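First the structure, in the form of structure tokens, and then the observations on it.
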Amino acid sequence: MAVQQFAEMTGVRGGVRDGFVPVVLGAILLVALVIQLPFALNHDAAWHFETSFRLLEGARFGDSVYDVNPPMSAWLFTLPAAICNLTGAAPTLVFKLFAFGTMLGALAAGARLLPLAAPDLDDPLFALAALAFALLLLPAYDFGQREHFVCALTLPYVLLTAARAQGAKISPVAAVAIGFVAALGIGIKPYFLMLPLCMELWLFAAAKGWTLRREILAMAATLLVYLLAVAAFAPGYLWRVVPDAMAAYGAFQVSWMDLVRIFATRLGPYLMSTAMLCVALRGRLSPILQACAAAALGFLAAAVLPRKGWTYQIFPVAMYCVFFAGLVLSLRAMRTRYLTILQIAAGILLLSGGASIAAFVSDGVSPDGTTARVEALTALFREHGSAYASITSPRDLHPAVLESRARWASASGVLVFLPAMLNAPNNPAALKVGSRRNRETVAELAANRPGVIVVDGAPAKLGIRQPDFDYLKFFARYRGFAAFMRGYAEQGRIGDFRIFLRKHQPDAWLANRRKE
């Protein structure tokens, strides 16, 4: 009965009679749940989810929440935040289940659209299994990142575009819904606009013409409403944060040579396997395969344009390479004629993806790994109620702040403009923005007096090119900071993080540490 219900819901054909599709997808889901649920949440996802709680409490995005990223992520995550507030459930658990629900929704939509987008498939089992692997397992530590969500939210649009290239029809309501959902994903980052640009250019070339379709109208209307909503409800973001970011955020950029090296190293196995499959197909790519290539190109452009070199930004490219391989494996003729090539390509993908998953699990179970550090920080923050950290990356800190429900003592999650001051000392605009934000941070700390101050003591800090940079020595130049820190006593470390506690607070944590 469950198999039949799955078949009716998704419209899957082929392989369902024997129950292979739901069994395989169910097994992948089960493994993903086992891998993801016990471990700490991704740091960026934690920060954006944390801001959602603050928005529900009345904070204004762009003012009392200062973030260079657009508010779409924080607004979307108010739904799981509200669930946490209503139920009292653990934030990390609720967020991960919310992410799983989003991925399963994308899989169900993909299964419904696949017969229209790829009518030549003999059996969708491999395609759907590859898609499930890519959405549920491949992200590993990046599960819940913005790139992860945008893949799920825009997948139906990519499949519908492939179907449109073949003259397929779809109900107007479904087309509008697909455009609306895709706009939610694209609105997470301005760079994600490269996806519809590449998809529409490809459709123009493939269909030898272009028409204004309902999904595009819905997408454009949703993005316009989103922009108006930002102007109305988060004006500080447009008129304060964006100008600051344009002046100083570029300090995180790497050289073009480093960007090529980083992305080529990470994407090499995925591009190699895709190239092998293209050779086996002799370049005769069906519309769905061409659409996957166009989507991967759009997401690659979205990752290259900011020039950050952060590997999670190219996750969508890897996802579409895996989906591409699954689509090719779903062609019986390819499995018959080129089985060896397909096996090699699939093996490369499984080894590369499996290595990322294994590294995530290994780090999660390590007594010195990310989850262990987050749990130690969570206990500390829960005991003292409020915290702040001198960091340029939210890793470890914000998953702990989120799970402990401690109060973060600043509008910003990280010292986002500090690298610009240090790396571009001759840039007056960067110095002005960085100095102002530093003064504002010191004032926030003096006003809020967090129970715990954490200082990143690692030799290398994200974006800061000076080795062994010392936050405390740097901020000592700002009026009032030295006096503020005299109210705190250093109490050891958690990983590379130096821990400072307010002197007048009960130091049960310190007593426990001294007993160890």
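The values are calculated or read from the model by the stated rules, or taken from the named source; none is laboratory data. Everything quoted here is computed from the prediction, not taken from an experiment. Using ideal geometry, Cβ is built from the backbone for each residue, glycine included, and neighbour counts are taken over all protein chains shown. These area figures cover heavy atoms from the full protein model, side chains too; ligands, DNA and RNA do not enter into them. Shrake-Rupley method; radii C 1.70, N 1.55, O 1.52, S 1.80 Å.
Return the calculated 222 nm mean residue ellipticity for the chain, to the nearest 500 deg cm²/dmol, obtained by summing -39500 (n - 2.57) across DSSP H runs with n ≥ 4 and dividing by the residue count.
Value at 222 nm, helices only, nearest 500: -20000 deg cm²/dmol.
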Report task. Determine the gain in length on full extension of the stretch ALA358-LYS503; use 0.36 nm per residue of separation and subtract their C-alpha separation, reporting nm with one decimal. Result -> 48.0 nm
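Computed FRET efficiency, Cβ-Cβ of GLN466 and SER435, R0 22 Å: what is it to the nearest 0.05?
Numbers: r = 17 Å, r/R0 = 0.78.
With R0 = 22 Å, the Cβ-Cβ based efficiency is 0.80.
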**Report entry** In degrees, nearest ten, helix 194-206 long axis to first principal axis of the chain (Cα)
**Finding:** 20 degrees
Report task. With a 1.4 Å probe and all protein chains in place, put TRP202, TRP75 in order of accessible area, largest first. Result -> TRP75, TRP202
Query raised in the report: Taking LYS503 as the anchor, which lysines have their alpha carbon closer than 24 Å to its alpha carbon, excluding any fewer than eight residues away along the same chain?
Result: LYS473, LYS515
Requested in this report: Please check which bits of segment 157-172 a label hung off LEU217 would reach, taking the label as a point 7 Å along Cα-to-C-beta and the cut-off as backbone N under 20 Å.
Outcome: 157-158, 160-165, 167-172
Query raised in the report: Taking R0 as 30 Å, what's the FRET efficiency between ARG449 and ALA90 from their Cβ-Cβ distance, rounded to 0.05?
Result: 0.65
Query raised in the report: Measuring from a point 7 Å past the Cα of ILE344 along Cα-to-C-beta, which residues in segment 295-333 have an amide N at less than 15 Å?
Result: none
Report task. List, in order, the whole-Hz ³J(HN,Hα) value for each residue of segment 176-182 obtained from phi through the Karplus relation with A = 6.51, B = -1.76, C = 1.60 and θ = phi - 60°; use x for Gly and Pro. Result -> 5, 4, 5, x, 5, 5, 4
Query raised in the report: So what J values fall out for segment 235-248 if you push phi through Karplus, 6.51 cos²θ - 1.76 cosθ + 1.60 with θ = phi - 60°, rounded to Hz, Gly and Pro as x?
Result: x, x, 5, 5, 9, 10, 6, 4, x, 4, 5, 5, 7, 10
**Report entry** Placed amide H near SER412: partners under 5 Å, 5+ positions off or other chain
**Finding:** TYR66
Requested in this report: About the Cα centre of the chain, how large is the charge dipole given +1 on each Lys and Arg Cβ and -1 on each Asp and Glu Cβ? Please answer in debye to the nearest 20.
Outcome: 740 debye
Query - Straight-distance crosslink candidates among lysines, where the alpha carbon sits under 24 Å from LYS308 and sequence neighbours closer than 8 are dropped - result: LYS189, LYS432, LYS461
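Can you give the convex hull volume per residue for the Cα atoms of segment 126-240, as a whole number of Å³?
Numbers: hull volume 14.7 nm³, N = 115.
Looking at segment 126-240, the number lands at 127 Å³ per residue.
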Report summary line: When every protein chain stays in place and a 1.4 Å probe is rolled, ILE348, ILE499 sorted by accessible area with the largest first are ILE348, ILE499
Requested in this report: Could you pull out every residue, at least 5 positions away or on a different chain, whose amide H is within less than 5 Å of the one on SER386? Hs are placed 1.01 Å off N in the peptide plane, and Pro or chain starts have none.
Outcome: ARG407, GLY451, VAL452
Requested in this report: Compute the relative contact order of the chain as a whole-number percentage, counting only Cα pairs closer than 8 Å that sit 6 or more residues apart in sequence.
Outcome: 17 percent
Report summary line: Counting only protein heavy atoms and leaving out ligands, DNA and RNA, the solvent-accessible surface of ASP363 at a 1.4 Å probe, in Å² to the nearest 10, equals 50 Å²
Query raised in the report: With each label point set 7 Å from Cα along the Cα-Cβ vector, what nm distance links VAL365 and PHE20?
Result: 3.1 nm
Report summary line: For segment 44-60, Karplus-derived ³J(HN,Hα) couplings (6.51, -1.76, 1.60; θ = phi - 60°; whole Hz; x for glycine and proline) come out as 5, 4, 5, 5, 5, 5, 4, 5, 4, 4, 5, 5, 5, 8, x, 5, 10
Query raised in the report: Among residues other than LEU331 whose Cβ falls under 14 Å from its Cβ, what is the net charge (Lys/Arg +1, Asp/Glu -1)?
Result: +2
Query raised in the report: What residue among PHE126, LEU289, THR265 has its Cα farthest toward the positive end of the dipole of the chain, where the charges are +1 on Lys, Arg and -1 on Asp, Glu, each on the Cβ?
Result: THR265
Report summary line: Under 11 Å by backbone N from the virtual spin label 7 Å along Cα-to-Cβ at ALA27, the residues of segment 255-275 are none
Report summary line: Using alpha-carbon positions, the gyration tensor of segment 210-282 gives root eigenvalues a ≥ b ≥ c; with a/c under 1.5 called rounded, otherwise prolate if a/b exceeds b/c, else oblate, the class is oblate
Query raised in the report: So for THR371, THR87, what's the accessible-area order with a 1.4 Å probe, most first?
Result: THR87, THR371
